[in-house]
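Heads up, the thing below is written out as structure tokens.
The values are calculated or read from the model by the stated rules, or taken from the named source; none is laboratory data. Given the structure is predicted, the values throughout are model-derived calculations rather than measurements. Here the Cβ is made from the backbone with ideal geometry for all residues, glycine too, and neighbour counts use every protein chain on show.
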Amino acid sequence: MYLGPSDNSESEAINIKDKPALVLNADYRPLSYYPLSLWSWQDSIKARYLNRVSVLMEYEQTVRSPSTEIQIPSVVVLKDYIQPKRHLAFTRFNLFLRDGFSCQYCGGSGNLTFDHILPKSLGGVTSWENVVSACLSCNFKKGAKSLKQVAFKLRTTPKKPLAEELQNMGRKFPPNYLHKSWLDFLYWDEILEI
Ligand SMILES: [Zn+2]
């Protein structure tokens, strides 16, 4: 069955033109906060036909096939619970997320890079405990010296985060656009403060 968007919007990467659906796990919490779990309208309609999700909220817009007109889901919930990932990859992105996208020496958030606390040249390893987010300026000042040598202090003690901790951190960084129907299912720190 062919389904064409009624507003002729293009559908490549998922952006708001794609009328994405917020995807909730079976416990009604977002499948992922960062990045926010979103499906394109094509995927959410397909999942509904395959009976993998229930539709909780809909956009006003519809898509048409030759025989029927379907309202585009804006919030869907999975019928089967998906166990969140336990293993966290040691990636640049997860490291920045752990550190809240801020330099662990000065707290700045511009020109973020990462730094070996104990420099590699002094035997420092690349690990959750020895690598932190650092701005270019602090990174430059520190160079291949130890913390003591440059009198730098860490804002937090770096360690391997739990998956849940990273999820909670992700909640602090909502995307630029949130559809109003999603707000009841998201608990962004910013929104709770209002
Ligand atoms: Zn800095």
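Cβ separations smaller than 8 Å between residues 6+ apart or across chains give the following pairs from the stretch 114-135 residues that are in contact (Cβ under 8 Å) with a residue 24 or more places away in the chain and buried (at least 16 other Cβ atoms within 10 Å of the Cβ) to residues that are acidic (Asp, Glu) and part of a strand (DSSP E or B): Val131/Asp115; Val132/Asp115; Ser133/Asp115; Ala134/Asp115.
For Asp80, the conditions (1) over 28 Å from Gly100 (Cα atoms); (2) modelled with pLDDT under 95; (3) assigned to a loop (DSSP other than H, G, I, E, B) all hold with the exception of (2). If we keep just the residues of the stretch 136-161 that are away from the ligand (no atom under 16 Å from the Cβ), free of Cβ contacts under 8 Å to residues at least 40 places away in the same chain and part of a loop (DSSP other than H, G, I, E, B), which is nearest to Ser109 (Cα to Cα)? Going through the qualifying residues, I end up with Thr157.
Given the structure, is Pro174 within 28 Å of Ser40 (Cα to Cα) and assigned to a loop (DSSP other than H, G, I, E, B)? When the stated conditions are applied, Pro174 passes them. Restricting the stretch 80-113 to residues that are loosely packed, with under 12 Cβ neighbours inside 10 Å and among the small types (Gly, Ala, Ser) leaves a set whose member that is farthest from the ligand (Cβ to nearest atom) is Ala89. For Asp27, the conditions (1) farther than 17 Å from Leu183 by Cα; (2) of a type outside the set (A, V, I, L, M); (3) modelled with pLDDT under 95 all hold with the exception of (1).
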